[in-house]
Amino acid sequence: MERAANLRLFELIGEGREAHEGEEVEITGLTSDSRDVRPGFLFAALDGSRARGADFIPEALKNGAAAILAPPGTGLGDAAPSAACLISDDNPRRRFAEMAAHFFDRQPRTIAAVTGTNGKTSTATFLRELWRGLGEKAASLGSLGVEGDGPTTAVALTTPDPVTLHQTLAALADAGVTHCALEASSHGLDQYRLDGVRVAAAAFLNLTRDHLDYHPDLTSYLDAKARLFSEVMAPGSHAVLNGEAPQYQHIAEICRARGHTMLRFGGDGADIRLVSRRDENFDQRIELELLGKSHELLISLPGAFQVQNMMAAAGLAIATGMSEDEVAAGLPLLAGVRGRLELVSRLDNGAPVYVDYAHTPDALDAALSALRPHTGRRLLLLFGCGGDRDAGKRPEMGDIAARLADVVFVSDDNPRFEDPAAIRRDIIAACPGAIEIAGRGEAIAAAIGELRKNDVLLIAGKGHEQGQIIAERVIPFDDGDVARRIVTARR
């Protein structure tokens with residue numbers, strides 16, 4: 001991708017780096033995809049899970065690459081143009097991210113990052129809205145795309161590649177956005193995509209089973225999350241940590257070693273502490289202690305887990321300059337987040353239909369537990385599990401469904417290249433009373449058809465997603481839209 005003004009190669013390499021022949025050449029763009037190379041580009045030959053980056057160097061040079069970034073020992077080949085420059089680095093992924101940050105150069109003044117298995121999107125959205133409530137020009141960047149002020153997009157950007165990330169941050173800065181909340185995924189952190197982002201504050205929410213198809217084990221998963229605090233953030237930044245998470249002490253030790261200022265939310269003696277909570281219809285009334293000062297607030301969202309996300313957002317808001325009184329005034333104004341325990345429709349008999357992104361055991365447990373106090377009769381659940389992902393989650397989620405829901409429908413999620421029937425069998429083995437309906441649209445219709453007065457339906461797993469991935473196809477599909485159409489047709 002390009003920028004308005006080119007950089008000479010020696011400027012991109014940076015001070016204190018090794019010298020290279022041809023360092024006066026102008027670099028017109030950066031990419032790690034050889035198909036996107038245009039004359040004057042730097043091509044990063046990064047190894048993937050299925051291919052070696054070096055294999056694509058000939059194509060990149062043919063398309064006009066002026067420079068190649070690659071691991072040591074990589075050659076350009078005999079057919080390489082004499083003017084092409086090779087930059088070797090032991091960690092080319094990190095170097096590429098740093099180059100992208102230098103190439104695009106501009107970022108919003110205040111950037112806060114959120115990491116955790118569950119709650120990243122809600123926390124980032126809540127923080128964005130707290131900032132905007134004070135009149136700041138703010139945006140959020142994550143699985144819902146870029147939302148808020150400045151140029152927005154609905155394309156999911158959950159820790160995108162470094163070039164897209166830094167080009168997006170530069171575009172937001174150019175639009176006058178001063179505050180940005182972004183989601184930091186374990187994949188993105190493990191692959192150094194956030195290196196070069198000037199993170200002022202970061203939050204650690206939780207860590208539960210997920211992504212074990214990518215990470216070898218939970219320890220590796222935690223190590224990836226911890227990089228946000230140990231390497232990405234500059235020493236002396238602000239850390240907002242969940243004091244009730246089992247991993248709290250581990251992350252806190254890293255933060256102390258780096259000289260970060262810490263704010264703790266959750267648990268006795270925390271800087272941000274939930275004193276009491278009670279459900280009121282589909283709202284909840286809470287007493288929240290912010291830096292020792294108590295506030296009674298009415299929150300128009302169901303679920304204790306939403307209060308946890310709000311506490312994390314409150315901590316980040318305080319860490320980035322808001323007062324506790326300003327935060328307390330802003331929390332009751334926060335609305336729901338798309339695809340996160342979102343009320344998408346209500347039948348004529350009053351039965352509500354909710355959609356949630358819950359695709360991990362912990363998230364499914366939290367969503368069902370949030371809706372149970374508001375269920376007068378039966379709690380119905382419809383869900384599935386994704387293919388080509390951690391298969392160990394399936395029986396765990398089936399067990400949770402059997403224990404916490406009264407009626408369970410098991411359907412397809414995003415089967416990808418797996419046999420959908422095999423995925424459903426893995427779930428139903430732990431939930432033998434479930435009703436199995438393969439087609440997700442048919443399953444939603446059947447579940448809605450079962451709703452009686454005082455029942456509640458949760459459709460879980462896909463949340464905001466607008467497509468269903470089956471093998472190589474992405475079929476347009478939105479749980480909320482499908483549910484709304486079915487309810488409308490019944491009327």
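The values are calculated or read from the model by the stated rules, or taken from the named source; none is laboratory data. All of these numbers come straight from a predicted model, not from anything done at the bench. Don't worry about glycine lacking a Cβ; one is built from the backbone with ideal geometry, like all the others, and counts go over all protein chains shown.
General remarks:
- Yes/no for residue 111 being in contact with a Leu (Cβ under 6 Å, 6 or more places away or on another chain) and either at pLDDT 95 or above or within 14 Å of residue 41 (Cα to Cα) (or both): no
Let's see how each residue does on (1) in contact with an Asp or Glu (Cβ under 9 Å, 6 or more places away or on another chain); (2) among the charged types (D, E, K, R); (3) free of Cβ contacts under 8 Å to residues at least 40 places away in the same chain; (4) assigned by TED's automatic domain parsing to the domain that holds residue 327:
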residue	(1), (2), (3), (4)
210	yes, yes, no, yes
217	no, yes, yes, yes
229	no, no, yes, yes
252	no, no, yes, yes
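- Residue satisfying all of: in segment 347-373; in a strand (DSSP E or B) and hydrophobic (A, V, I, L, M, F, W, C); nearest to residue 209 (Cα to Cα) among these: 355
- Cβ-Cβ distances below 7 Å connect the following pairs, each with a first residue in segment 262-276 that is assigned by TED's automatic domain parsing to the domain that holds residue 293 and closer than 13 Å to residue 241 by Cβ, a second residue that is among the small types (Gly, Ala, Ser) and in a strand (DSSP E or B), and a separation of six or more residues or different chains: 262/239.
- If you filter segment 47-64 down to residues that are in contact with a helix residue (DSSP H, G or I) (Cβ under 8 Å, 6 or more places away or on another chain) and assigned to a loop (DSSP other than H, G, I, E, B), you find that the one that is surrounded by the most Cβ atoms within 10 Å (Cβ to Cβ) is 63.
- Scope segment 374-430; condition among the β-branched types (Val, Ile, Thr) and in a loop (DSSP other than H, G, I, E, B); matching residues: 375
- Within segment 470-480, not a single residue is in contact with a His (Cβ under 8 Å, 6 or more places away or on another chain), of a type outside the set (Val, Ile, Thr) and either outside the structural domain of residue 412 (by TED's automatic domain parsing) or on the phi > 0 side of the Ramachandran plot (or both).
- Qualifying position, being in contact with a Cys (Cβ under 9 Å, 6 or more places away or on another chain) and of a type outside the set (Val, Ile, Thr), among 394, 416, 389, 491: 394
- Considering each residue of segment 298-314 in turn, at least one proves to be in contact with a Pro (Cβ under 8 Å, 6 or more places away or on another chain) and of a type in the set (Val, Ile, Thr).
- Residue check for residue 77: closer than 22 Å to residue 39 by Cβ, in a loop (DSSP other than H, G, I, E, B) and at pLDDT below 95: yes
- Given (1) crowded, with 16+ Cβ neighbours inside 10 Å; (2) within 28 Å of the chain's Cα centre (by Cα); (3) under 22 Å from residue 209 (Cβ atoms), index of the condition residue 388 fails: (1)
- Pair list, Cβ < 8 Å and 6+ apart or interchain, from segment 132-152 residues that are within 13 Å of residue 111 (Cα to Cα) to residues that are charged (D, E, K, R) and assigned to a loop (DSSP other than H, G, I, E, B): 137/149; 138/149; 139/149
- All of 356, 362 fail the test of being closer than 23 Å to residue 308 by Cα, touching a helix residue (DSSP H, G or I) at 6+ places or on another chain (Cβ under 7 Å) and charged (D, E, K, R), apart from 356.
- Selected residue (criterion: surrounded by the most Cβ atoms within 10 Å (Cβ to Cβ)) from residues of segment 443-482 that are of a type in the set (Lys, Arg) and assigned to a loop (DSSP other than H, G, I, E, B): 462
- With respect to the stated conditions, residue 294 is polar (S, T, N, Q) and either modelled with pLDDT under 95 or over 29 Å from residue 364 (Cα atoms) (or both).
- For residue 222, the conditions (1) in contact with a Leu (Cβ under 6 Å, 6 or more places away or on another chain); (2) under 17 Å from residue 362 (Cβ atoms); (3) hydrophobic (A, V, I, L, M, F, W, C); (4) at pLDDT 95 or above are fulfilled apart from (4).
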